[in-house]
Amino acid sequence: MKILIHSSLSLRLAVASIALCLSLLACTQESGQRPDYATEKIADGVYTFRFGDQRSLFLVADQGVIVTDPLNAVAAAAYRDAIAEITDQPVKYVVYSHYHWDRVSGAQLFKDAGAEIIAQERCADRFRVNPNPDVAMPDITFSEEYSITVGDKSLDLFYFGPSHGDCLTVFVANPANLLQVVELVNPPRASFPRDPLGSYMRPHNLRQFFRDLEFLANERGIETVIASSAIAVDDGQGGQQLSAATGPATIIHDQAMFWEAIYNTVDIAEAEGNVGIDSFVKIDTIDLEPFKPYDGYNKEDLPIIMRRFVGFYDMGR
Amino acid sequence: MNIKISRTARRMLAMPLLLTIAVTAMGQEPDLVAISDEPLMGPFKLWEIERITDDIYGFRYSFYRNIFIVTDEGVIATDPLSVEAGQILSEEIAKVTDQPVKYVAYTHSHWDHASGGQPFKDQGAQFVAHQRCAENFIENPNPDVVTPDITYTDRYEIKLGGKALEMFYFGPSHDNCLVGMVIKPDNMLFLADVANPPTGWMMFYNPAVSEDRVWNMVRFFDGYQGVIDEYGIETVIGGHMTGAFDPETGRPAIVRGTTGSASVVAERRAFWSGVIEATKAEIAAGTPPADVPDKLVAERVLADQITGYDPEKMRIFLQRITTYVQTGE
């Protein structure tokens, strides 16, 4: 799929700055400057706004704009400006993918301009008990499904129970039929999690989440998924470039199988007495082969990732 | 009798003696009314029944503890722990009193505390838990966990034979439905998992604190400090064996941890708020979040206060706290 890039910096400079500061928010702190940003056209009226190493989906129709995750206050200002370069239409809705502050801060400027904020109801519940002045409360909440239509574009929202946090919402952009699962499913390939501690993972429902997600993708005939992050990848010419904003929908199943391998390995390790008193799976007993095909493969991360799942098998949560 | 061995218990029973960890029975000699023949670690046997007061008992199985209260109108029990522990507990309670167990109260929904209640269900006991625990059991059932008959949202009190067990909910903490329990009129607070005597400054067993709602821990402890202050509670009963600094060896040691000062709540609160504020300050000062754990470990922040301080564990713990500061999770 052809991606048009309108960038505030040259692509190589953007990649270099990303490569130097791959950890979350590190770009802002290390350079002291605002991270580079870019708008990427995915399909007719479907875009991603990339700010540093994070991407947010937005839809442009002839009657208005649907924005998702504003990221943070600094990003949101650049986001607003980037949208204004494409269309005069107002932002009608801002949709939160989940409740993590690094994705959903900064929406106030859109709200002040008349946008309504939409989120799954458990996101709103969390904001109520754990407020952040930079996170605007949702105006509209939903339980399992919701659809937003602006002109000829729509964004369907699906909630399949806890997964990454308690309220992660799956997005399907129409009529382009593109799917985005922020944080959990990311082109270019299924991968190890960025944070091996996995404290926000919900093992008790993760399998069911992926089953429901795959079912949805099959039902809708989804062929392409949209990224929520950007990483440095080989450009095939000895250098590096930013990962693409989209990837094949086969990533969904591949990612589900990563977590399946984690569950299975922990289950077997418990049964065979290969979990230590410290609740870590003994690294030398892990069959590494199922994990090697994944991006970010790191043998030492596996017991750390699995620790969360040992806890799940012991405690049920 | 066909006793199913839980995953956790099997791991505990199979482990070799950990020679690098000192195990001591330091502290007051417990009043043990029953004790297992099977070894666990050091001087500790697999399980024991400890008399805390004339009618309040602690049952320790492996590293876990519950309490039960004996009255002349019946017994109030808590967290059966596991199928094997629950079976032993029901037999041992029957040796202490002829009275039936009338209530079983869950501190939270984790299977390693809430499993094994069937013998008490068979006696006709009513099971009491926070509403969110009940929801957790529906969302992810375990056939070894007896589901509650009575649920509540903010507060509940079991009254029986002149005693009472009052529980308060101050939002998610360890699990999303954990409550502490005040035993009345004895005025003791039973706490599982979140804080344990003798010290609230003990390094976390799991530094990733995966099941702890970092975003609400300080508020949770503020809630229980309020209860402690209002009721004048001086004693906390702990839900685990734990670690403590042994002045004789100069090293941390595993201790029984049955009872201790209620100051453990204020100490644990200070531990949580200390790491959170230090992390926030470091990020506000411009340190890239990815560098915060290493920097705070290098500066030995809180190192002198934490019993069992370990730089690697602290690094992991600070990674977790950094994630909270950035995401709110």
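Data overview
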item: Dipole moment magnitude, nearest 20 debye, region B:7-263 about Cα centre, only Lys, Arg, Asp, Glu C-beta charged; result: 480 debye
item: Region B:33-130: C-alpha gyration tensor shape, a/c 1.5 cut-off, then a/b vs b/c; result: oblate
item: Lysine pairs with alpha-carbon atoms under 13 Å apart, chain B, spacing 8 or more or separate chains; result: 6
item: Gyration tensor verdict on region B:7-263 (Cα atoms; rounded if a/c is under 1.5, prolate if a/b is larger than b/c, oblate otherwise); result: rounded
item: Qualifying lysines (Cα of each under 22 Å from Cα of residue A:111; at least 8 residues distant if same chain); result: A:92, A:153
item: Distribution of pairwise C-alpha distances over region B:95-191, 10 Å bins, in %; result: 16, 48, 31, 5
item: 5 angstrom amide H check on residue B:45, placed H, neighbours 5+ away; result: B:40
item: Unit charges at the beta carbon, dipole of region B:7-263: most positive-side option, B:216, B:59, B:123; result: B:216
item: Number of partner chain Cβ atoms within 10 Å, mean per residue of B:209-215; result: 5
item: Candidates per chymotrypsin sites (Phe, Trp or Tyr not before Pro) in region B:196-266, loop by DSSP, up to 12 other Cβ within 10 Å; result: none
item: Residue of A:255, A:54, A:89 that the Gaussian network model of chain A assigns the largest fluctuation, springs spanning Cα pairs under 10 Å; result: A:89
item: Chain B: relative contact order as a whole-number percent, Cα under 8 Å and 6+ apart; result: 13 percent
item: Whole-angstrom gap from region A:244-317 to region A:64-89, using each part's C-alpha centre; result: 37 Å
item: Chain A: most fluctuating residue of A:118, A:283, A:42 per GNM, C-alpha cutoff 10 Å; result: A:283
item: Amide proton proximity set for residue A:297, modelled H, under 5 Å, gap of 5+; result: A:192
item: Three-way shape label, chain A, alpha-carbon gyration tensor, a/c 1.5; result: prolate
item: Note, ³J(HN,Hα) from phi for region B:44-56, Karplus 6.51, -1.76, 1.60, rounded to Hz, x at Gly and Pro; result: 8, 8, 4, 8, 7, 10, 10, 7, 8, 9, 4, 10, 10
item: For residue B:101, distant residues with modelled amide H under 5 Å away; result: B:75
item: Cα centroid separation, region B:171-230 to region A:175-227 (Å); result: 35 Å
item: Nearest-ten-degree value, helix B:311-327 long axis tilted from longest Cα axis of chain B; result: 90 degrees
item: Loop-located GluC sites (Glu not before Pro) in region B:170-261, at most 15 other Cβ atoms within 10 Å (DSSP); result: B:234, B:248
item: Lys/Arg +1, Asp/Glu -1 at C-beta; the protein assembly as shown dipole; positive extreme among A:201, A:86, B:76; result: A:86
item: Cβ-based charge dipole, chain A, positive-most Cα from A:120, A:65, A:170; result: A:65
item: Crossing angle, helix A:73-86 versus chain A [Cα axis fit, 0-90 degrees, rounded to tens]; result: 50 degrees
item: Among B:302, B:178, B:89, residue whose mean-square fluctuation peaks in a GNM of chain B (springs only between Cα atoms under 10 Å); result: B:302
item: Efficiency of FRET between residue A:89 and residue B:45 - r from beta-carbon atoms, R0 60 angstrom, step 0.05; result: 0.25
item: For A:306-313, mean number of other protein chain Cβ atoms within 10 Å; result: 4
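None of the figures in this text is laboratory data; all of them are computed from the coordinates on show. From a predicted model like this one, the values you see are computed outputs, not experimental measurements. All Cβ positions, even for glycine, are placed from backbone atoms using ideal geometry, and neighbour counts span all protein chains on display.
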